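Coordinate-derived values only; no laboratory data. A quick note: this is a predicted structure, and the numbers were derived from the prediction, not measured. As a convention, Cβ positions derive from the backbone with ideal geometry for all residues, glycine included, and neighbour counts pool all protein chains shown.
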Amino acid sequence: MSVEEKVKAIIVDQLGVAAEEVKPESSFVEDLGADSLDLTELIMAMEEEFGVEIDDEEAQKLIKVKDATDYISSKS
Amino acid sequence: MNRRRVVVTAVSAITPIGNDAETSWTNLCAGMSGAGPMTRFDCTGYETTFACEVKGFAPTDHMPPKAAKRMETFTQYAVACAKMLVAGSGFDPAAEPERTGVVLGCGLGGLETIEKQHQRLVEAGPGRVSPFFIPVVIANMAPGQVSIFTGARGPQYATTSACASGTHGVGYAYTDIVMGRADAMMCGGVESCMTPTAVAGFNAAKALSTRNGDPARASRPFDKDRDGFVMGEGCGMLLLEGLDHAKARGARILAEVIGFGASSDAYHMTAPPEDGSGMALCMRAALREAGLPPEAIDHINAHGTSTYLNDLCETRAVKTVFGDHAYKLCLTANKSMIGHLLGGAGGVESVFSVLTLDRQTIPGTINLENPGEECDLDYTAGGTVQKPVQYVMCNSFGFGGTNASILFKRFED
């Protein structure tokens, strides 16, 4: 699975949204209904899946799905 | 007595013998046992390998998948029960939010999540503990989520008193309405902790039956071969309303709450005093609050756990309070079929007490084949009986020496 597909799977699992709703331009909070606890859990799940560390400052910049995918790709 | 009258206008339940109140009641009256092999975790090597589990419960039947994921099982049961309660009552908490509250008894709360997250902490470090850990495990998240799902904005909290939690929940919800803090209260008790540490812990305390070869006959309250309780899980809820409020909306009334008694043993962490004097205190307190003499009571929904000590001491306490009348009234032990629902017991047994009054039917106690020493009262061992019942006293006693007693009455205007 590509980074994009893996990120999508994590979002679907954590946020309980349908796969079709998860587009690169989707905002975690506005479009996918994530609250602050959801975001923390999402970041943790991505850290575990990809074996990366995402510190708080960097996490705050991940507004859309595309931001997360790009960030993780850049770190792997 | 000028006290505001409080009535029960709906009940709901999820138990090891049915995922709603009506199914549970039918199966209870038919003498069905909810016991079977433990399936929630691999219990190879554990002293007890069976329990009374809820079967076939699908959380997503009652709530969206994301919400279900953010709840432990005990909270899912509470939300599902609350939704059934509201649907069955014809009353919408969101219509009078500030006058409707939620009180649920819950003894242990989110043990499953505590175990899993502790494992993560040890294996992966503090940075890997879920942000949902605290919110999910706290016992009051059950009433918390009920309030979120139903829109109730009145008093909302959990009562924790081990095996008496549910009965205290009903008692304090009743009190909130009497005091005018609310007009309607969703209340009861819930528990689900079918986990390795819970089973191992209860086993270490020698509290659980180890009759692994015959689960359906293991829970045998008041029987001479009882060897401990059978762990159960589930939720029982009641909708309590001020009588004035219930009448104003033409609600069907199932029973009336007329007294609540609470007391302490002040004796030992787990064992009651041999004379059952703490239990006797709370029964007397409930009678006093209701303004009734002991002789008025015709039926007791007993705590009856199937442990040597509880059943003996409870019997002694009943004899102390009721004297000769103890031999005229009849008791029943629901735990013979549903097991011990811990924090949920008082809630589910209150539901059964209310249905006893509504249906004028006393459910039998199963597995009582040879009465234990001193257990010579009528525990309805011969099977379910249809006969007039005017008052039901529902008793629960918990570790820590905490005792609670609710008195229900057949409703008369």
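Here are the numbers for the structure shown:
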read-out	value
Rg/Rh ratio calculated on Cα atoms of chain B (Kirkwood radius)	0.95
Karplus-derived 3J(HN,Hα), 6.51/-1.76/1.60, for each residue of segment B:253-266, Hz, glycine and proline x	9, 8, 5, 10, 9, 10, x, 9, x, 9, 7, 10, 7, 6
5 angstrom amide H check on B:ASP227, placed H, neighbours 5+ away	B:ARG220
Estimated inter-spin distance, A:ALA18 and B:ALA200, nm [label 7 Å along Cα→Cβ]	4.4
Per-selection Kirkwood Rh - the protein assembly as shown (Cα, Å, 1 d.p.)	23.4
Phi to ³J(HN,Hα) by Karplus 6.51 cos²θ - 1.76 cosθ + 1.60 over segment B:140-145, Hz, x for Gly, Pro	7, 6, 5, x, x, 5
Sparsely packed GluC sites (Glu not before Pro) within segment B:274-304, loop by DSSP, other Cβ within 10 Å at most 10	none
Other protein chain Cβ atoms within 10 Å, averaged over every residue that makes up B:288-294	0
In segment B:43-144, the GluC sites (Glu not before Pro) that fall in loop regions by DSSP, at most 16 other Cβ within 10 Å	B:GLU47
Residue-span extension gain [B:SER264 to B:ARG359] - 0.36 nm each, minus C-alpha spacing	30.9 nm
Mean projection area, nm², convex hull over Cα of segment A:14-76	4.0
B:GLU373-B:GLU115 FRET efficiency (beta carbon distance; Förster radius 45 Å; 0.05 resolution)	0.70
Descending principal axes extents, segment B:6-248, alpha-carbon based, whole Å	57, 51, 31
Local net charge near B:GLY90, Cβ-Cβ under 12 Å (Lys/Arg +1, Asp/Glu -1)	0
Lys, Arg +1 and Asp, Glu -1 on Cβ, resulting dipole of the protein assembly as shown about Cα centre, debye, nearest 20	1400
